[in-house]
Amino acid sequence: MPTSFHDSLNRLHTRMVDLLWHQWSSLGVAGYPRPSDDRIIDPEALLLATTRFGRYDSRLMDESIDWLAKFGRRISLQRLQGLHRSWPDVADPRVLSAIAELLGQQVAHRKWRVLADQAPQSSSQESLFLRSDGTPALPAGDAAPIFAKHGLLRGKLELRAMSQPPDPRTRTTLIFTLRALLGVNARAEILAWLLTHDSGHPAAIARATGYFSKSIQQILNEMEESAQVFSVRHGREKHFRVRSKDWQFLLPSPAQDQLPFPRWVDWMPLFAAITRFAQTLSEPGIDSQSEPFQASQLREALDAAMPALLQSGIAPGLHSTRTQRGTELIQSILEDIDMLLV
């Protein structure tokens, strides 16, 4: 008997919304962060994912825009554009361009206009907000003109101005602490990566941070001249590292555990994989198809998502599906997807 993916899709959207709420709350949005989370927050990846999955929670969308209206200068637009090009399926480009145009109206955020200007005009319109099953949630009141210009209908946007800046006493906001110290540039991400790894080759750091490898190589060579970044040879390759104990002042208080810095996660590959699964679960008519067809669709989604999941470094459980078939395969994949977001 075919499996109904309706509940699985709802649960996936709910899990994603919960994760995004937690991360935005950790950055200063009025909400409830998880105190036990030790994963570093990637602000650009968070924004890109919110343009798609924030459509399933109007308050999440509006509170994230509220934060950006106050602290959008702390977002790296260069990196945001680079990640968007590398992982084009994660973001909803219409939502991203509408937010960029909205922010660009402020003098302090005029650089955001570049993102808005790059977006094509939309001739069709649909509801910005969606129910968890993907059906449109009708907008209330008069349409917001900026969003309507980009083909998205929603009611009037009223920002509460309750967002706070990222708290440097929170470990997961390490990137923002480093940006405050070093500026909104690649050096902040490079140092964050080095502090959360033993050592790394510039190419690996570039893949994880979303910058060009040659740029990372040049910056690392410059940083090495400070005598705070060191290089070691592995064959013909040059790997870079820092002594994390020398950077303890970045932490809220002296670390009592063996992993004082937050855990690095490549969020964009994970968000790309989740987007791929969500698209598969929402395919029209898939619930009425045969079990073998459903299993093959999920298998194709898994095969397409696996490179991204492997890059994210947090999806080992999905390898066990290779020998499974039918209902067993379907349930195993759905359970593993669910666990990725917990």
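Scanning the stretch 184-194 for residues that are small (Gly, Ala, Ser) and over 20 Å from the mean Cα position of the chain (by Cα) turns up nothing. So, Leu96, is that one more than 17 Å from the chain's Cα centre (by Cα) and surrounded by 16 or more Cβ atoms within 10 Å (Cβ to Cβ) or not? The answer is no for Leu96.
Matching residues to (1) closer than 17 Å to Gln23 by Cβ; (2) among the charged types (D, E, K, R); (3) surrounded by fewer than 18 Cβ atoms within 10 Å (Cβ to Cβ):
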position: Arg55; (1), (2), (3): yes, yes, no
position: Leu60; (1), (2), (3): yes, no, no
position: Arg73; (1), (2), (3): no, yes, yes
position: Arg79; (1), (2), (3): yes, yes, no
position: Leu103; (1), (2), (3): no, no, no
position: Pro136; (1), (2), (3): no, no, yes
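Tyr211 is checked against (1) outside any helix (DSSP H, G or I); (2) farther than 26 Å from Leu83 by Cβ and fails just one. What number does that condition carry? Of the numbered conditions (1) outside any helix (DSSP H, G or I); (2) farther than 26 Å from Leu83 by Cβ, the odd one out for Tyr211 is (2).
Can you find a residue in the stretch 260-279 that is under 20 Å from Ile175 (Cβ atoms), acidic (Asp, Glu) and surrounded by 13 or more Cβ atoms within 10 Å (Cβ to Cβ)? Taking every residue of the stretch 260-279 in turn, at least one turns out to be under 20 Å from Ile175 (Cβ atoms), acidic (Asp, Glu) and surrounded by 13 or more Cβ atoms within 10 Å (Cβ to Cβ). The combined condition, being modelled with pLDDT of 95 or more and buried (at least 24 other Cβ atoms within 10 Å of the Cβ), is not fulfilled by Ala69.
Could you say which residue among Ala161, Ala203 is part of a helix (DSSP H, G or I), of a type in the set (A, V, I, L, M, F, W, C), over 19 Å from the mean Cα position of the chain (by Cα) and surrounded by fewer than 22 Cβ atoms within 10 Å (Cβ to Cβ)?
Working: Ala161 fails: part of a helix (DSSP H, G or I).
None of the others qualify; the one that does is Ala203.
Please verify whether the stretch 57-78 includes one or more residues that are in the same structural domain as Leu12 (by TED's automatic domain parsing) and more than 24 Å from Phe176 (Cα to Cα). Walk me through it before giving the result.
Residues of the stretch 57-78 that are in the same structural domain as Leu12 (by TED's automatic domain parsing), as a first pass: 57-78.
When the remaining residues are screened for being more than 24 Å from Phe176 (Cα to Cα), the result is 57-58.
Checking the stretch 57-78: at least one residue is in the same structural domain as Leu12 (by TED's automatic domain parsing) and more than 24 Å from Phe176 (Cα to Cα).
For Ala91, the criteria (1) among the small types (Gly, Ala, Ser); (2) modelled with pLDDT under 95; (3) not in a helix (DSSP H, G or I) hold in every case but one, which is (2). Where helices (runs of 4 or more DSSP H) sit wholly within the stretch 1-88, those with at least 1 residues that are free of Cβ contacts under 8 Å to residues at least 12 places away in the same chain, more than 30 Å from Pro260 (Cα to Cα) and over 12 Å from the mean Cα position of the chain (by Cα) occupy 6-27, 58-71, 77-86. For Gln248, state whether it is in a helix (DSSP H, G or I) and over 25 Å from Leu77 (Cβ atoms). In short, yes.
The residues listed here are Gln217, Gln228; of these, the one that is modelled with pLDDT of 90 or more, surrounded by 15 or more Cβ atoms within 10 Å (Cβ to Cβ) and over 21 Å from Ile333 (Cβ atoms) is Gln217.
The values are calculated or read from the model by the stated rules, or taken from the named source; none is laboratory data. Note that the structure is predicted; figures quoted are calculated from it, not measured. Glycine gets a Cβ as well: all are built from the backbone with ideal geometry, and neighbour counts include every protein chain shown.
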